[in-house]
Amino acid sequence: MSSFDDMDAFEGASLSARAMAARPAPYLDGLNPAQRQAVETLDGPVLMLAGAGTGKTRALTARIVHLLSTGRARPNEILAVTFTNKAAREMKNRVGQMLGQPAEGMPWLGTFHAICVKLLRRHAELAGLKSNFTILDTDDQKRTLKQLLQAYEIDEKRHPPRAIASLFDRWKNNAWTPDRVPAKEDSELWGERLYSSQEISSATRSYEFRSRNWESGAVGRRLVTAVELYGMYQARLKELNACDFGDLLLHMVTIFRNYPDVLEKYQRWFRYILVDEYQDTNVAQYLWLRLLAQGHRNICCVGDDDQSIYGWRGAEVGNILRFEKDFEGAHVVRLEQNYRSTPHILAAASNVIRGNESRLGKELWTDAAEGEKVRLIGHWDGEEEARWIGEEIESMQNGTRGMRPFSLDDMAILVRASHQMRAFEDRFLTIGLPYRVIGGPRFYERMEIRDAMAYFRLVVSPADDLAFERVVNTPKRGLGDKAQQTIQRIARDNGVSLLDGAALAVEQGAIKGKGAAALRELVAGLARWGRMTGDKDLSHMELAEIVLDESGYTAMWQNDKTPEAPGRLENLKELVKALEGFENLQGFLEHVSLVMDNESDEAGAKVSIMTLHAAKGLEFPVVFLPGWEDGLFPSQRSMDESGVKGLEEERRLAYVGITRAEEVCTISFAGNRRVFGQWQSQMPSRFVDELPADHVEVLTPPGLYGGGYGASGMAAGASPVMRTAAESDLQDKASRADVYNSPGWRRLQERSAQRPVSQPRESRHQVIDLEAVSAFSVGERVFHQKFGYGAVAGIEGDKLEIAFEKAGTKKVVARFVTAADDVPF
DNA sequence: AACTGGCAGGCCCGG
DNA sequence: CCTGCCAGTT
């Protein structure tokens, strides 16, 4: 195992542990007794039960620094695992700060996935892969599955690739290779009809004859079972020299199980193991950790059962509960002093989470000053909710309602589901409120970016068949279904990659018509660009530009007349710019496959918009929690699929949301919301009822009592469309929360009678804007303060749809736009 | 081979 | 409301 020899030198063990030890230990200053215990109990297993805001990251980083400065371990002998890239980055920064120098020398601090990739590249051959394997994202995964389903003529309507992908994911999360899936998981037969080997041989030959363990499985007069399909899928991935996300863990666990010598070396190498967010580990991750920790048992896991919100992707709260059993003699440390939130916020969170049966039970406390009560407000509909929050954010910047002023950076909107973000984006764009979306629809998932990346992948690894399929006819080269099938057949018959197959097809003249010349050019181009990767005088950014230009991809968008085209070209430029921070194309591709986040470092304060899931581990002075409506939050689907367990996870999500707030927490719900474009009336979330009245202040929604904010009523908007069945339920709620049994609520009811649900309210603004809008015509060149120049692409109600040159296409209220000629410079 | 319009189904959450 | 798929055209 020669790869171990260079581990000593690995990425520089540049931090001088001995130098640190001579100094006192400032990193211990200010830790409370529990934290201190968590930091200083170095030997043997430690379980740190750390509630929200109790300083666990601080304890964890102090522990790392302690390990280093006492000389217990060198930086590259510590294995520190997190779930998200954000958490890993944060920990790296904080360790660096405490040490007073960058923590570059900690190569094994990272996400489970990132660390597993690193390990797997060293031992790829043990998993039947080459070390330059590619990592498939969910999109590639689904496409691969789809091809398999087609090969087996399995009905895609009845078994959508999506569903199958999630089944296989689940199995992988349980560390089940095809031969380990329990029989009862596979009781169902999946094929829709009988197969004779003759029927399937032409379509599926490649899968069944090339796979190692499953060649006989699907042939013959039998239905295809799920497990067999799983085996086929795994075999196919090996052919592609690829892994999906689940495989990264699964392969490593399998290698550790099957090659004790490999495991043993890593057990010795990683002298101390630290795990963040332990409640989120799934079985595969748990096994991986347990295998690595078996020798010295120096493992420290930090978690909070109340913040377990990843059950849907296989997380097992059970892992945290059975820690003491697995690691006998474990020290358990509880962190219960909260340093983040005010007592009101903490009380609200505690009261909500109390509704859960299955929990270890912690009580957080704080000695912070009382502060603001949690604020609750109901709105007419989702758009008004967005409007109100926008206005509230603007006024909170200057200080309002007796509160201190807050910067936009201090404020966050946390939503249950990402589709809720659009309402806020729309609203904030029109009023010009700067915002950043964290983890929204991601940059690297955009079509043009994925296309460009596929070209890069093909340049770096010509055998990447998925990438080839993606770009072979993009831009259009006259290579349709038939031509592509020909390439597939030739590649299969010769046992080569699609690209090589394409080269053969060109030589043999198997492709007719104008496609032939285009394909020849593509093949030649890829070969040429591939050679250029070795050219020292050519930066990889220049190479990227050459690839995009010479392939005709850039030209494709330049010739595109749709309003999105300029935005896409802009994105491509950004992509090339993003390459700058990397050694080469390969390194960049690796980064992107694991770190899909797209945090723009644009200057200026901004409100953050993100999902509750993305918010875990973060904190903000001001937090808005919109959309607390039954069905949306708690999510109907979650309850349908997982019953009480699902509801409890939703409740933990509510707990996570509230505990993100330091000073001001505002919860809101809307009476009407658009679902799939249809207006639907909504009931307030059951979690609203679980908020303790003593710690909640009910705000008056706009539109009541003339819309004054200072009105002292207890009124809040509720579902304005009354359903008699729900009426008694609401009255019932009213007696508890005292929210709905109020004049304002009744007034809302009356109003709803006059105003049909399907007809959104018209505001005074709208009348003005309709005048403003008429000043513009389609095609006119205009200017916007924030987005710059653009052309009017359409007019919709009070809004202009504008294709901006820099910012892409947006809908903007007319009064924020001026004709380009009027701009004074 | 490429484009078109109609239509079904989906929108939970992530590495 | 959005996207992806299908059938039918050009």
To the nearest 20 debye, segment A:447-598 has a Cα-centred charge dipole, built from +1 on Lys and Arg Cβ and -1 on Asp and Glu Cβ, of 720 debye
Expressed as a whole percentage, what fraction of the accessible surface of segment A:225-317 belongs to carbon and sulfur atoms when a 1.4 Å probe is rolled over the protein heavy atoms? 48 percent
Mind checking the full-extension length gain between A:Ala25 and A:His296? Use 0.36 nm per residue of separation minus the Cα-Cα distance, one decimal, nm. 95.0 nm
What is the distance, in nm, between label points placed 7 Å from the Cα along the Cα-to-Cβ direction at A:Asn132 and at A:Arg674? 4.8 nm
Ordering of A:338-346, A:37-45 by burial proxy (mean other Cβ atoms within 10 Å per residue, highest first): A:338-346, A:37-45
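Are there any trypsin sites (Lys or Arg not before Pro) in segment A:539-625 that are in a DSSP loop and have at most 11 other Cβ atoms within 10 Å? List them by number.
Working: sites: A:Lys561, A:Arg568, A:Lys573, A:Lys577, A:Lys606, A:Lys616; in loops: A:Lys561, A:Lys606, A:Lys616.
Here the trypsin sites (Lys or Arg not before Pro) that fit, given the DSSP loop and packing criteria, are A:Lys561.
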Check: segment A:533-667 dipole with +1 on Lys, Arg Cβ and -1 on Asp, Glu Cβ, in debye: 480 debye
What does a probe at A:Thr533 reach in segment A:460-497, counting residues whose amide N is under 15 Å from the point 7 Å along Cα→Cβ? A:460-468
Can you figure out the FRET efficiency of A:Glu185 with A:Arg36, using R₀ = 35 Å and their beta-carbon distance, to the nearest 0.05? 0.15
Which order do peptides A:639-649, A:398-408 fall in by mean Cβ count within 10 Å, highest first? A:639-649, A:398-408
Quick one: accessible area per residue over segment A:357-410, 1.4 Å probe, rounded to a whole number of Å²? 46 Å²
Average projected area of the Cα convex hull of segment A:301-376, in nm²? 6.6 nm²
Using packing as a proxy for protection, rank A:281-288, A:484-491, A:524-531 so that the peptide with the highest average count of other Cβ atoms within 10 Å comes first. A:281-288, A:484-491, A:524-531
Cα-projected label distance for A:Lys265 with A:Glu328, points at 7 Å along beta-carbon direction, nm: 3.2 nm
What accessible area per residue comes out for segment A:447-598, rounded to a whole number of Å², with a 1.4 Å probe? 48 Å²
Let's see if you can work this out: charge +1 on each Lys and Arg Cβ, -1 on each Asp and Glu Cβ, no other charges. What is the dipole magnitude of segment A:306-465 about its Cα centre, in debye to the nearest 20? 180 debye
All-pairs Cα distance distribution in segment A:616-673, expressed in whole percent, bin size 5 Å: 5, 18, 25, 20, 19, 11, 3, 0
Farthest positive-ward along segment A:356-495 dipole, Cα basis, beta-carbon charges - from A:Val460, A:Phe443, A:Met421: A:Val460
Sparsely packed GluC sites (Glu not before Pro) within segment A:61-135, loop by DSSP, other Cβ within 10 Å at most 14: A:Glu104
What are the trypsin sites (Lys or Arg not before Pro) within segment A:58-136 that DSSP puts in a loop, where the Cβ has at most 14 other Cβ atoms within 10 Å? A:Lys130
So the carbon and sulfur contribution to the accessible area of segment A:447-598, 1.4 Å probe, in percent, is 50 percent
Let me check I've understood the local charge: for A:Lys512, count other residues with C-beta under 15 angstrom from its C-beta, Lys and Arg +1, Asp and Glu -1. What total comes out? +3
With 0.36 nm assigned to each residue of separation and the Cα-Cα distance removed, A:Asp139 to A:Leu360 gains 75.8 nm
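The values are calculated or read from the model by the stated rules, or taken from the named source; none is laboratory data. These numbers come from a predicted model, not from an experiment. Glycine also receives a Cβ, built like all others from the backbone with ideal geometry; neighbour counts cover every protein chain displayed. Heavy atoms of the whole protein, side chains included, go into the accessibility calculation; ligands, DNA and RNA do not. Shrake-Rupley method; radii C 1.70, N 1.55, O 1.52, S 1.80 Å.
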